[in-house]
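Some notes on the structure that comes next.
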């Protein structure tokens, strides 16, 4: 007998008992006194406390015996879900009755196990089901778990999966549920078929889908039901962007060939007519001239209607108002369709709203970092006018700190329309580094490194580092400390101590010294820098065949140098930049003491711009000029060279240089460099770049002539690997001269040198 039947039986027995009691008392008097409940008890509950059962019971000690109420109490107890059976026993007790609810507990799930799963791990399967350890066993829950497991396997392309549950009982009545799984083969997509399409080609539609056909071993084309559902929405969105605003996907199906384990996916579309924009109006604008608003419109009359372009237009207009502090501005699009003419009239109704001020700034996620080191980077302050530019600058500055994995700056409405709340959410990342390792580059060959650094020392934003690098051509030791906010002002101050030895083909260069540096931001993205360095520069180990002016550079000298520069940095990120640029203009002057007297001027500008499909175009221009003061020439260690991974890449490092009468490279007094790259991002942190370089070095007998340049073109690969950036370039010499190589290969792995 099932549980519902047992409940009904208990109620019938209860009613019969009451009628017999009333009949027995009917001979004594016509209106017998009510039967009172003297005690209520629970029997059979082992794990479930009596109080839990009685908490569902409305009958109470001292109340009248009521069969209807007790019937409802039985159903309420059964509804707890803890019992297989609930019955009622009624006994005479102290002039009334004692009521006992007799329950039979369901077993508990003591263990859940999966057997046969190889392609999907156990933790993933456990997360998919609601059957948990310690829960009450219910056969319905087990069947529900089977359905969810099968759904997950089919989502991953395993349409042949077989899942059978076994229930094993322990001595105390609890159970172990085991899911036996035969996964079968993973189905791959042989073909995607689109039917009913006329305005868009099947190639256009399939290129827009998440689901892709099998292409040898490059793209396996697995079937996932969730992706198929998302692809239906993507097809509709694609049609909406091409003016087919009535388009729909009538059906989609995955037909399985069990013999070949291949699937044919079919989408049946109904396109409808293509709509064009008959008229586009913008109303409610009082703050901007008409041409400024028109610049933000990505749609115009006569264009094919596109929902994504309409969204882009709304976002652009909203951002326009955000630049002048009107963050509450609202752009409401209204469309009127003319089905007969297949046209849409679009009206953008703008409610400009009041100026919006920052009511509060909430910062969360900073565990180690003091809150003040985040707040001091924000151009937003409570009580000030809120603008979209300030919000973007705030996010960029926090990203550039390098302290956080993620930085999100969001807003929410304040206490009224003139106020806004800014929420800054960060996820901290380790900012300390201790590493012993090595790398290789085409410039320095093999090199070993020991790095100890902390970019957020004591959570106060201090940067401290110690670095030792040693290789066949380079030995380097650096100690550095930076306080980015000296005296709680945005004045960065730092001190460096260093000793470096570089072995070149013609000579060896040693530098020992230290320096002070200061910088301060101003305006948007701008910063001035100034510094002082005192060094001992030594040229030694000149080749024996070197004579003339180059031989005169042999020996040591003291250099006392002051530097000043301006930078503008609008890059979105320092590594793997996708947009923005970096411009640097500076000068070095040596001669305030020491032995060296010279002036060097230099400037560079790099810019990145995304184009389409996340592809990036970048360009760089660089120039430098130096001269000695008095009768001195520009020191050898300050001269210009070109060639290498960051110069004209068809030449090895420092191969482009003026030469003396012996053909030895002596460096130049001026240089120019231009470079352009087209960068294509790939999965897993890879990027491919095609590049073109042009530049040269002049001076010491070589006339400055911008028509006399060296050119290179080539391909490169970059990878942001777990152990540092990897860069590989091959440059082809476009104006190859006698004795020169066809090109040059540049490779670096590990930290950039």
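The values are calculated or read from the model by the stated rules, or taken from the named source; none is laboratory data. Quick caveat: nothing in here was measured; it's all calculated off a predicted structure. Don't worry about glycine lacking a Cβ; one is built from the backbone with ideal geometry, like all the others, and counts go over all protein chains shown.
Remarks
- Residue that is at pLDDT below 85 and within 16 Å of residue 93 (Cα to Cα), where the choices are 18, 61, 13: 18
- Check on residue 609, in the same structural domain as residue 689 (by TED's automatic domain parsing) and surrounded by 16 or more Cβ atoms within 10 Å (Cβ to Cβ): no
- The number of residues in the stretch 305-329 that are modelled with pLDDT of 90 or more, surrounded by fewer than 15 Cβ atoms within 10 Å (Cβ to Cβ) and not in a helix (DSSP H, G or I) comes to 0.
- Considering each residue of the stretch 665-679 in turn, at least one proves to be touching a helix residue (DSSP H, G or I) at 6+ places or on another chain (Cβ under 8 Å) and either part of a loop (DSSP other than H, G, I, E, B) or not assigned by TED's automatic domain parsing to the domain that holds residue 600 (or both).
- Pick from the stretch 146-159, criterion out of contact with any helix residue (DSSP H, G or I) (no Cβ under 8 Å at 6 or more places or on another chain) and either assigned by TED's automatic domain parsing to the domain that holds residue 251 or at pLDDT 80 or above (or both), ranking: surrounded by the fewest Cβ atoms within 10 Å (Cβ to Cβ): 147
- Taking (1) surrounded by fewer than 16 Cβ atoms within 10 Å (Cβ to Cβ); (2) within 32 Å of the chain's Cα centre (by Cα); (3) in contact (Cβ under 8 Å) with a residue 12 or more places away in the chain in turn, residue 514 satisfies each apart from (2).
- Within the stretch 556-586, being more than 32 Å from the chain's Cα centre (by Cα) and surrounded by fewer than 17 Cβ atoms within 10 Å (Cβ to Cβ) holds for 556, 557, 558, 562, 564, 585.
- Boolean, residue 688 is at pLDDT 90 or above, in contact with a strand residue (DSSP E or B) (Cβ under 7 Å, 6 or more places away or on another chain) and under 30 Å from residue 526 (Cα atoms): no
- Any hit, the stretch 217-224, residues being at pLDDT 80 or above and in contact with a helix residue (DSSP H, G or I) (Cβ under 9 Å, 6 or more places away or on another chain): no
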